[in-house]
1. If I ask for residues that are touching a helix residue (DSSP H, G or I) at 6+ places or on another chain (Cβ under 7 Å), of a type in the set (A, V, I, L, M) and within 18 Å of residue A:99 (Cβ to Cβ), which ones from segment A:133-156 would you list?
2. Considering only segment B:43-57, state which residues are closer than 15 Å to residue B:131 by Cα and either buried (at least 22 other Cβ atoms within 10 Å of the Cβ) or among the aromatic types (Phe, Trp, Tyr) (or both).
3. For segment A:354-378: of the residues being within 14 Å of chain B (Cβ to nearest Cβ) and free of Cβ contacts under 8 Å to residues at least 24 places away in the same chain, which is surrounded by the fewest Cβ atoms within 10 Å (Cβ to Cβ)?
4. Only residues that are within 14 Å of chain B (Cβ to nearest Cβ) and open to solvent by 40 Å² or more (accessible area, probe 1.4 Å): list them for segment A:379-397, please.
5. Taking segment A:77-100, which residues are in contact with a Gly (Cβ under 7 Å, 6 or more places away or on another chain), part of a helix (DSSP H, G or I) and surrounded by fewer than 23 Cβ atoms within 10 Å (Cβ to Cβ)?
6. Given the residues A:135, A:177, which is the only one that is crowded, with 23+ Cβ neighbours inside 10 Å, at pLDDT 95 or above and farther than 28 Å from residue A:311 by Cβ?
7. Do you know which residues across segment A:250-271 are buried (at least 16 other Cβ atoms within 10 Å of the Cβ) and either outside the structural domain of residue A:282 (by TED's automatic domain parsing) or under 30 Å from residue A:45 (Cα atoms) (or both)?
8. Working only within segment B:67-91, note down all residues that are surrounded by 19 or more Cβ atoms within 10 Å (Cβ to Cβ) and not in a helix (DSSP H, G or I).
Amino acid sequence: MRKDLSVFDIETVRRDFPILSRSVHGRKLAYLDNGATTFVPERVLAAVEEQYRSFQANVHRGVHYLSEQSTERVERVRFETAGFINANSPEEIVFTSGTTGSINLAARAFSDGILQQGDRVITTQMEHHSNLVPWQEACRRSGAELDIVHMTDEGELDLNELSRLLEKRPKLFAVAWVSNVLGTVNPLERIIPIAHAAGCPVLVDAAQAMRHGCVDVQALDCDFLCFSGHKIMGPTGVGVLYGRREWLERLTPASFGGGMIDEVDTKKSTFAEIPFKFEAGTPNIAGIIGLGAALRYLKDLGLPEIYAREAELLTYVGRMLGERGDLDVLGSPAERAGAISFNVRGLSCYDAAKLLDQLGVAVRSGHHCAQPLLKRFSLTGAVRVTPAFYNTREEIDALCSGLDRIAALLDNKR
Amino acid sequence: MSGIDAAQEALIDEFQELGDGFEQYAYLIELAAMLPIMAPEEKTDGRLVRGCHSRVWLDMRAQDGRFYAMADSDTLIIKGVLYLLKKLFDGRPLAEVAAAEVRFLEKTEISATFGPDRQKGIGYVIRAMQSFAAENSVEKP
């Protein structure tokens, strides 16, 4: 019998996620859509529930006990988040609604004060729409130009093209750390110094990178980094924009209202210090508390163990898919993390994912909010498999058995 | 009972005998292979049904008071549904097509497992077929 990948006790870990044991369509669930959202452990659910049950009061508003408790709890998570990504200080952590919210915040702030007519911004063909469309709009608002770094056939960024584009002295380079479709790990340790040498700050979309390896914003030397709670076992609707202090101080707020002001007069207002000037309105308090619980959960489980297990699972998926003659895997990057996508020959990705779903295997199909990437491969969609550390080889085997059944079905049809 | 109603009842029985969702989907894929091929040049943007998540091309004609359609999709499961719709409507009087109550999707597992986007898309296809039939029927409903 094949030995399962066990860098930690998988059965114990799986018990933290009761949803893993549910069934769908009368079959055992094999949830392989963690790139879209991960499941939430009991500990996070308990933290969110406790916030609503026992605290709930609004933050930064009141002097009463519960308000002070809520404020302290939220600020503790800010402190822990800073520690998790090794930010220099908690003031560099802005809570948002998620990666999309973080990038939109940055793009709005850049278009309102940094970008001028004729300036340039760079992003890539590989991006999730969330790291492309906000920059298209920021350029439209400011009159700046958007340049695109294209991909090689392997699904890697053309770094020569990036170097050429950097010669135009762009105001920002926005790039994914890990592709949400191909799983390509972009070599940020090489890219960021090149960009900085050209005087260009770098915003990193780390939505798919957080469970791949250690995220250390100081070692990475990025200027901004964005991620979501719901892809790291936290709740939906909460995320983080990390910004280097000098950048956050320089940027103007993107939304306005309560909580972000210093002094308000009927004619003019002044704004609070960072990070609060970027957090207008009541934040997702319970979401932030849940995010904190998720970060603690991951740390307690062991980050190196999580990275290792996820890497091994993805390697296993890659090998199993690679051995099949009936499908085409997208790209062949030197380093892949988190995601692998494919198309079954003769079958649309929708058909394949729907058939797999009927067998209890949850995978994603479609354009994955990355239409330019798919067009690069002359495709309109793909099936994407994104395991997480709580998955097992048996679940990946269930995917492969499902693909076998589909293959038999197609053979009968032919 | 109209010819369409009787054909629907037969379809519902046929699908219910198949068992689980995978078998029903597998059957739809088998049916997809039986849908007459639409030539690539016939799959024009003008024939695309708007609002469908999958791409669906529809080319309809009225002849001697009866409804005929050619249809295609980039998704096999949807092609299977198109085959069933064609089987229900092709060659039937236009007025009957326009007035038909299409219920086989709800009465089988097909509709429930499609999800809201595709359900809506199939709804657009049926509406396009029935609107065409109504517009071309001399017996106005």
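The values are calculated or read from the model by the stated rules, or taken from the named source; none is laboratory data. Owing to the predicted nature of the structure, the values given are computational and were not obtained by experimental measurement. Every residue, glycine as well, gets a Cβ built from its backbone with ideal geometry; the counts of neighbours run over all protein chains shown. Keep in mind that these areas ignore ligands, DNA and RNA; they rest on the heavy atoms of the full protein, side chains included. Shrake-Rupley method; radii C 1.70, N 1.55, O 1.52, S 1.80 Å.
1. A:138
2. None - no residue of segment B:43-57 is closer than 15 Å to residue B:131 by Cα and either buried (at least 22 other Cβ atoms within 10 Å of the Cβ) or among the aromatic types (Phe, Trp, Tyr) (or both), so the list stays empty.
3. Of everything passing the filter in segment A:354-378, A:378 is surrounded by the fewest Cβ atoms within 10 Å (Cβ to Cβ).
4. Of everything in segment A:379-397, those that are within 14 Å of chain B (Cβ to nearest Cβ) and open to solvent by 40 Å² or more (accessible area, probe 1.4 Å) turn out to be A:379, A:380.
5. Matches in segment A:77-100: A:80 only.
6. Just a single option satisfies the conditions, and that option is A:135.
7. A:259, A:260
8. Scanning segment B:67-91 gives B:67, B:69, B:70, B:71, B:72, B:73, B:75.
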